[in-house]
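Structure first, commentary second.
The values are calculated or read from the model by the stated rules, or taken from the named source; none is laboratory data. Since the model is a prediction, treat every value here as computed from it, not as a measurement. Here Cβ is always computed from backbone atoms with ideal geometry, including for glycine, and neighbour counts include all displayed protein chains.
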Amino acid sequence: MWGQLSTFAVFYLVATTVGAVVASGLAVVAYRRRDQPAAAEFALLNVTVAGWCGTAVLARLGVPGADYIWHVNNVFVFSLIYVWFAFVLAYTGRSAWIRRWPLLVLWSIPGAVVLTALYPPAQSVLVVSGPTETIEGLTVVTWTMTDLGVANLVFVFLLDIAAFALLALFMYRTRSPYRKQIGAIIGARLFGLGTGIAFYAGLLPYSDLSLVPAAYAAQSLIIAWALFQYDFLDVVPLTADTIVDQMADAVVVLDADDRVVDYNPALTELVGRDESVMGRHVDTVLPGLPGALERDGTVGLVPAGAETPQRSYQPQSTPLYDHHDVYRGRLVVLRDVTLQQTRERTLEALRSATERFLDATDSETVAEIATETAQQALDCPYSGVVRYDEHDERLRLAALTDELARLVEESGLEANADGHPAAWFTDESELWEVFESGEPRYEVPVWVEPEGDDPALTAALFPLGEHGVFGIGRRAKAGTFSDEDRRFARTLADSTETALERHKREQELEASRQAVEQRTEQLQFFNSALRHDLRNAVMVIDANLEFLSEHVTDAGRSHLETVSTWVSDMTSLIETVSSLTDAITSPGHSERARQTVDLSTVLEARVHKIAESHGRATVETDIPDGLRVTGDELVGQVVDNVVLNALEHNDTDRPWVRVTARATADAVVVRVADDGPGIPEKFRGEVFSPGITADESGTIGFGLYFVKVMMEEYGGHVRFETNDPRGTVAVLTFERPVGGDADGPEHGERRDVRKGE
């Protein structure tokens, strides 16, 4: 028999046999993954193709029972399209349709065909077998389709068209990574369908030796390639492999049961390169990761085979769904946040240190806080603060860590009077250079053995202004300070300097406050003595002057009047100084300035009194009613001093003074104009200074100084202007009260007072 086979017959047998083997293998692979979408349907499709190819080969070889094998072959042929349609439904996410009653009726057709294998004559409903022939050395049975068989063939093609429509619709709606896969499946089916059409149309040579089974096996192979190439039946993420492999962050891919199915090279430093991690539960490979994912926290991991400290990772999980929206697993990215957490802890420690600085009551506490923070937050166990001693003009230790204190105690260096290494505090030391230059020094080697070859510590030194030096240190073998270490240490040093400066300023303010209190007590004492002793003395002198006035001669009366004038000036001086002292030393003097005063009434009363006592003077007023200002009970004395100054320093026989007042939006302006000799412009600022002596009387000029002080207490001011054509204008500007008390007329009743001989 084998010698009678033609070349085509051999090709046919080989192609169809290979098709049976390939389809069987694909069926096994798909069955092993039957828990995944469409895998079971794809396995059944390949079983059908393998059965079609296998029975075709056996029947054409004429093995015993070949007649029955032909009937079994027909079962596979008629069932194939229904199995294909079921696979398309499952692949496009319509598996539930398979169990709907219209399709259950449809599935009854291939079911009925399968039953014909039990009773082969029943197949005559669809096909009628002819005589057995030998073609190209192979046994062939000719078949003729009945009308019902032709109708079934037409229905098969319609079902195939429906399958193509479902695939095309799915291709239109699905995500782009699956479009190539769907296109490959459609192309594979077109290949199988085209081969079948060519066979039934008689376009293939030796049409009785059908290559359609082998073509369908090739179709299944192409479909399988599309499925596996584009990861349809796998959990491997759709992200491009090159991107994942090149990511600096570690990436691990987990299936639905949290088993490791893939990971990128960046994760090998955590899990190692042992392939046995594949398929293991993630908690045995990356302990703590599932819990971190659930609580949205971090996980601490130690790189495999490394002596480095544990590092912190922030996992970010992305669920993976297939195109049926079935959860397939998750992709987890592990971001190393060790540096970020260290930075956050350091910043929190610096913030806490700043708050503690505010509560510190002395410089020693500030130094201890800085040292403790350097040890805990900056991981510098050998740190300390040295303070400058102004008395001895040298640096002295203010605080240092226990580790540094122990190292100093165990060192062999010569100690100074304080018991600390003298070499560290000499004028030639690094500490002195940093203190004097005001510039920080980094990577400073520190020896603790006099004959040591290598330094024991590496330090960074930061100036604290005029207060001293702050230093941080580590063992030399720990390496150099990073830029971040330097930046945080500099921030801590600046905060320490600010705290020390604040403490110094508080001490100075306290000393100033005590000095002010002492001076205030002294002023109050002198004021009391002035009021009591001097006033009593002046009263005695004045009483005796009245007694002497009846006993002096005409020649001595001018001398008596001179003494009386001086006594009057002294009395006025005592009252002015007493009022001024009360104003600036009383505990509530700032509150007194906030009282409201009826300035119109005060001006009228004071000016009228002064006009009555100066018979040769002419005093005019233009004062509206209702003017209110911010002041106190001394406003009247302020007015007295200004008006009396205008009268007493007038060089005319008949002095003239005009007092006017006007209210503006936020102030009341009082103008006192005279026709005296005037004040040169260059001296107008000096006349308000204490101790200025009047030319005529020789008395100390407290009056205008008192006016200046009190106007400033009231929130106002005083100045002098030129009065045209002759004289001076004193301008007093008072603040108006805030609120209802500020309301008052800008114009009211005007009064004009004239006195004179």
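Descriptive notes on the structure:
- Test for Ala112: is it in a helix (DSSP H, G or I), assigned by TED's automatic domain parsing to the domain that holds Ser129 and surrounded by 15 or more Cβ atoms within 10 Å (Cβ to Cβ): no
- In the range 283-303, the residues that are surrounded by 15 or more Cβ atoms within 10 Å (Cβ to Cβ) and either under 16 Å from Arg335 (Cβ atoms) or modelled with pLDDT under 85 (or both): Val285, Leu286, Gly288, Leu289, Ala292, Leu293, Thr298, Val299, Leu301, Pro303
- Selection status of Leu104, over 60 Å from the mean Cα position of the chain (by Cα) and either more than 24 Å from Thr55 (Cβ to Cβ) or outside any helix (DSSP H, G or I) (or both): yes
Here's the yes/no breakdown for (1) of a type in the set (D, E, K, R); (2) in the same structural domain as Gly329 (by TED's automatic domain parsing); (3) at pLDDT below 70:
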{"position": "Asp245", "(1), (2), (3)": "yes, yes, yes"}
{"position": "Leu254", "(1), (2), (3)": "no, yes, no"}
{"position": "Asp258", "(1), (2), (3)": "yes, yes, no"}
{"position": "Asp262", "(1), (2), (3)": "yes, yes, no"}
{"position": "Leu267", "(1), (2), (3)": "no, yes, no"}
{"position": "Leu270", "(1), (2), (3)": "no, yes, no"}
{"position": "Glu275", "(1), (2), (3)": "yes, yes, yes"}
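- Boolean, Leu103 is assigned by TED's automatic domain parsing to the domain that holds Ala39, at pLDDT 85 or above and at negative phi: no
- Each residue in the range 61-100 was checked for being at pLDDT 80 or above, polar (S, T, N, Q) and assigned to a helix (DSSP H, G or I), and 3 of them qualify.
- Figure legend. Inter-residue proximity from the range 76-99: first residues without any contact (Cβ under 8 Å) to a residue 60 or more places away in the chain, second residues assigned to a loop (DSSP other than H, G, I, E, B), beta-carbon distance below 7 Å, spacing 6+ or different chains. Indicated pairs: Phe87/Ala38; Ala90/Pro37; Ala90/Ala38.
- Candidate set: the range 648-676, residues that are closer than 14 Å to Gly727 by Cα and among the basic types (Lys, Arg); chosen: the one surrounded by the most Cβ atoms within 10 Å (Cβ to Cβ): Arg658
- Selection within the range 381-399 - touching a residue at least 60 places away in the same chain (Cβ under 8 Å) and closer than 11 Å to Ala370 by Cβ: Ser383, Gly384, Val385, Ala398
- Scanning the range 4-20 for residues that are part of a helix (DSSP H, G or I) and touching a residue at least 12 places away in the same chain (Cβ under 8 Å) yields Gln4, Phe8, Ala9, Tyr12, Leu13, Ala15, Thr16, Thr17, Val18, Gly19, Ala20.
- Residue check, Gly130 surrounded by fewer than 16 Cβ atoms within 10 Å (Cβ to Cβ), among the small types (Gly, Ala, Ser) and modelled with pLDDT under 75: yes
- Criterion: at pLDDT 85 or above and crowded, with 19+ Cβ neighbours inside 10 Å - qualifying residue of Ala168, Ala163, Ala224: Ala163
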